[in-house]
Amino acid sequence: MTDALDLNDEPLRLQVQAMESAADGVVYAFADTRRFADCNARFAQMLGYAREEIPQLGVTDIHPPASHALVFEQFERMRRHEVNFIENIPVLRKDGSLFFADIAASGLTLHGTKYIAGFFRDVSARKQTEDALIAKRARLQAILNTAIDGIITIDERGCIESFSPSAEKLFGYAASEVIGNNVSMLMPEPYRSEHDGHVKNYLDTGTQRIIGIGREVTGQRKDGSTFPMDLGVSEAHMGTTRLFTGIVHDISKRKAIEADLIHAKERAEKASLAKSEFLNSMSHELRTPLNAILGFAQLLESDPQPLTAEQRDNVQYISKSGYILLGLVNEVLDLARIEAGRVVLSIEPVLLDEVLETATSIIGPLLKANALTLAVDGKRSFGHAVAVDHLRFKQVMLNLLTNAAKYNRRGGSITLRCLPAGSGMTRIEVQDTGIGIPYDKQPHLFESFERLGRENGTVPGSGIGLVITRRLTEMMQGRVGFSSEPGVGSTFWVEFPTAVLRAGAESMAAATRPQLAADQEHDNRIKVLYVEDNPANLRFMERLIGKIPNTHMLGTPDPVLGLELARAHHPDVILLDINLPGMDGYEVLRLLQNDEATCRIPVIAVTANAMPRDIERGNNAGFNGYVTKPINVPQFIALFQATVLGMERAAARATPPRH
Ligand code: ADP
């Protein structure tokens, strides 16, 4: 085309020069034919042609057929000077590859011929970025549209910028109804006001009150109803402005489940309370008659008038059966207590040899009766300690040792072994040479009331010792297991966490036992007042006290009368039942303590309320002693004498002796 141009025409020469040096590709097309007349070097290079080849091409040669209609239309409009810019037009290179160009166009007439000059700028990179952005936005939109949680974006002032379809469903508003409004419209008071405060506070101070925290808040729907929701807020910086994205999750269902769980827990707690109330009364109801049975049997046994051999036999039967019954009652109550979660453990380092010494001495009579020998394997290792509840650990060991003795053969043996069990545990094994457990019965060993075929045998038992053993062991973070060969013997083992003992830790065994008072003669008769509503127990106590020299007992079933008797007679000791008609023992004790005339009289509780909680309450209330029924006669006498003796001594120190 330069040939066709008169380059002596100064403005034209300048224009051609400018065209040559332009960064864009420039092409001149005949306005009529859309064929090219000329181009600059950049244009030829952009399309991969030699510059001389360009005049052989036309507009249709450099655009893919699909764009021809558009290109023609735009070309026409350019010709009519209606547009001078088209964006993102696909352009074909000589090699068939495509790129995208923005085309700025201008028309010009030279020597009567109309041309369109097109300035091509390759925008493929920008187009790619734009396409990527569009794809990204589409993906984001898809996420927004399908997310179960509502997604809401707000600007710095709290105005809603976007509102996802899920948010529409959650709140009942269409996006168009909320966009541009303050997000607090989605919250009921007081959150509405608080929220604005939070946003302002955050903007002022940067202190996070709402950002990033998964909070439980209340949302308000279009219809005014509210619902609990989890709100997570994140912050994004867009240039100089900030944008907050809130993700809202409806937690109504979870809340309802939580409320159900809380109700269920409350119901369970009520049931558990009812269960322990039941246990308390069962404990009382069962022990009261047992107290009379065992007490009278003991009285008969120690009667100064000798019994005939047959009578002694009979009494021994009563006594023995009574104790078996007491054992059963205790076990059943113990298991029920454990199951009701009422056992409080106090875990401390306990020396193995001390507990095992006590346990083995307790089963001594059983060993003797069955001519059993007890061997301790690897005595050294018993110097170890385990982290357990002292009392309950002893109970576990006693259970295993008693079983090893009970289910042994005459003349057999029991071996106690202690060994490290790995993972910080210590294992204690109790091996017997007994009858063993039939293989088919072994899977049922730890089932309640399962005696594995021994129910009709001569060995007494309840079938819950091992259940208790396992529960207690597990409560103390221990394990229990066994192996048994019928006819050869069984080995039961327990494992407990090994404890580290401080050097010089005080020996448990060294703990002093209460010194039992020796028989003591008194010059004056000791006056005893017994308040007890059960006539059999009153009679029993009368006889029991009657056996203690120089004593005299006053008894009454009525607590009010008991108080009057106390004031009138100044007894040396008051024995007080707790469950009394009209006024319980605690109330009687309180009235005694508040009365100058009676406040110094020692009071011993004698009660069937034998739960640890009862005993603790009794001790806290200020009883000088707490005796549980059935009464253990020697222990009672010892406590009685110690109490009387203690009072005498105190009285001797404080006041002149009474006459
Ligand atoms: P109990 O001894 O009161 O019946 P346990 O729960 O202690 O109750 O034991 C359950 C049953 O397991 C026993 O009745 C007995 O059949 C069996 N058993 C327990 N220990 C042994 C043992 N060392 N040797 C053989 N059998 C045993």
query = How do the pairs read when you match residues in the range 457-483 that are more than 8 Å from the ligand (Cβ to nearest atom) with residues anywhere that are part of a helix (DSSP H, G or I) and of a type in the set (Lys, Arg), using Cβ under 6 Å and keeping only pairs 6 or more apart or on different chains?
reply = 472/392; 480/470
key: Any hit, the range 411-419, residues being touching a strand residue (DSSP E or B) at 6+ places or on another chain (Cβ under 7 Å), near the ligand (Cβ under 10 Å from one of its atoms) and under 22 Å from residue 479 (Cβ atoms)   = yes
ask   = Has the range 526-533 got any residue that is more than 16 Å from residue 588 (Cβ to Cβ) and modelled with pLDDT of 80 or more?
value = yes
task = Output the number of the condition that residue 56 fails; it satisfies all remaining conditions of (1) at pLDDT below 90; (2) exposed (fewer than 12 other Cβ atoms within 10 Å of the Cβ).
result = (1)
ask   = Can you tell me how many residues in the range 212-244 are part of a strand (DSSP E or B), modelled with pLDDT of 85 or more and over 22 Å from the mean Cα position of the chain (by Cα)?
value = 7
query = Limited to the range 292-347, what total is found for residues that are assigned to a loop (DSSP other than H, G, I, E, B) and either among the charged types (D, E, K, R) or under 30 Å from residue 384 (Cα atoms) (or both)?
reply = 7
Qualifying positions in the range 248-274 - in a strand (DSSP E or B) and not charged (D, E, K, R) = 248, 249
message = Regarding the range 611-618, can at least one residue be identified that is assigned to a helix (DSSP H, G or I), acidic (Asp, Glu), at pLDDT below 85 and under 20 Å from residue 541 (Cβ atoms)?
response = yes
ask   = So is residue 446 more than 12 Å from the ligand (Cβ to nearest atom) and among the aromatic types (Phe, Trp, Tyr) or not?
value = no
query = Among the listed residues 319, 302, which satisfies the condition of being away from the ligand (no atom under 16 Å from the Cβ) and either of a type in the set (Lys, Arg) or within 29 Å of residue 450 (Cβ to Cβ) (or both)?
reply = 319
key: Single match in 258, 310 (criterion: surrounded by fewer than 11 Cβ atoms within 10 Å (Cβ to Cβ), at pLDDT 85 or above, among the acidic types (Asp, Glu) and at negative phi)   = 310
ask   = For the range 420-440, what are the residues that are within 12 Å of the ligand (Cβ to nearest atom), open to solvent by 50 Å² or more (accessible area, probe 1.4 Å) and touching a Pro at 6+ places or on another chain (Cβ under 9 Å)?
value = 435
remark   = A careful count of residues in the range 163-180 that are surrounded by 15 or more Cβ atoms within 10 Å (Cβ to Cβ) and touching a strand residue (DSSP E or B) at 6+ places or on another chain (Cβ under 6 Å) gives 7
query = If you take the residues of the range 313-327 that are open to solvent by less than 60 Å² (accessible area, probe 1.4 Å) and of a type in the set (A, V, I, L, M, F, W, C), which of them is nearest to the chain's Cα centre (by Cα)?
reply = 326
task = Return a yes/no flag: does the range 33-53 have any residue that is exposed (fewer than 14 other Cβ atoms within 10 Å of the Cβ), of a type in the set (Lys, Arg) and in a loop (DSSP other than H, G, I, E, B).
result = no
inquiry  = Which count do you get for residues in the range 102-143 that are out of contact with any Lys or Arg (no Cβ under 6 Å at 6 or more places or on another chain), in a strand (DSSP E or B) and open to solvent by less than 60 Å² (accessible area, probe 1.4 Å)?
reply    = 13
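The values are calculated or read from the model by the stated rules, or taken from the named source; none is laboratory data. Being a predicted model, the structure only gives us computed values, none of them experimental. Cβ coordinates were reconstructed from backbone atoms using ideal geometry, including for glycine residues, and neighbour counts include every protein chain displayed. Surface areas here come from the heavy atoms of the whole protein model, side chains and all, with no ligands, DNA or RNA. Shrake-Rupley method; radii C 1.70, N 1.55, O 1.52, S 1.80 Å.
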